[in-house]
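Below is one structure, written out as structure tokens, with a few remarks after it.
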Ligand code: B16
Ligand code: MG
């Protein structure tokens, strides 16, 4: 029996990947690097600075910038990204999310967020679902990002369950690898890219119920 749920944010609760992409593309263009949607797949679930490093390597500019200049580039991207987030509303929840979270709350199954995004609290507020989560792991406090299991282990701890008692939801391979390394039951939310190692793959949260998952 499972006792709680741990959710990734981008790609599971809402589709902010398109805004991350627009903001990274703009930033990359401004320094003469071209990225496309295929390359963007490598940035899903990956923290901001590591994403920037990957873009710089991709553009052959890994050694071009000082640490301060990289901080400024990451800030430029985030400022644009946060501008794009201003118009988020509860309508931007992915299909089935609202109902699934309501069902979990009714059944007293605690939920936590394990997102690499430092903007997660703001995004959840805009989506009107922040109160559905008992815990949001602060990614700034992590030693290692996804695919390391740390964020998932910390999320389970925060809702007082063991990783083995948790079901984790992810849309990105780095996150799924982290969930499995944490010894959780892994639900992969399909977003168009092949996912490996999930215990169950769904297209949307409407495809599964809280009752079904707690029996796993
Ligand atoms: P921020 P997730 C991740 O969210 C995104 O998938 C990834 O593209 C982004 O770089 C990362 O958050 C950091 O986001 O710049 O807002 O701190 O999928 O872990 O919910
Ligand atoms: Mg994600």
To the nearest 0.05, how large is the calculated FRET efficiency for residue 103 and residue 199 if R₀ is 25 Å and r is the Cβ-Cβ distance?
0.80
Determine the distance separating the Cα centre of region 97-131 from the Cα centre of region 1-58; give it in Å without decimals.
20
Which value in deg cm²/dmol, rounded to the nearest 500, describes the helix-derived mean residue ellipticity at 222 nm for the chain, given -39,500 (n - 2.57) per DSSP H run of n ≥ 4 and division by the residue count?
-12000 deg cm²/dmol
Sort the following peptides by mean Cβ neighbour count (other Cβ atoms within 10 Å, averaged over residues), highest first: 178-191, 119-132.
178-191, 119-132
Given an 8 Å cut-off on Cα distances and at least 6 residues of separation, report the relative contact order of region 28-151 as a percent.
23
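Please work out the Kirkwood hydrodynamic radius for region 1-68, using every pair of different C-alpha atoms, and report it in angstroms with one decimal place. Spell out each step's value before the answer.
Numbers: mean 1/r = 0.0747 Å⁻¹.
Computed over Cα pairs of region 1-68, the Kirkwood hydrodynamic radius comes out at 13.4 Å.
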What percent does the relative contact order of region 17-85 come to when contacts are Cα pairs within less than 8 Å and at least six residues apart?
45
Evaluate the relative contact order of the chain (contact order divided by residue number), counting alpha-carbon pairs under 8 angstrom at least 6 apart; express in whole percent.
28
Quick check of the Kirkwood formula: for the chain, what is the inverse mean of 1/r over all pairs of different Cα atoms, in Å?
17.6
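Just so you know, all these numbers are worked out from the coordinates, no wet-lab data involved. Given the structure is predicted, the values throughout are model-derived calculations rather than measurements. FYI the Cβ positions are ideal-geometry reconstructions off the backbone, even for glycines, and counts take in every protein chain you see.
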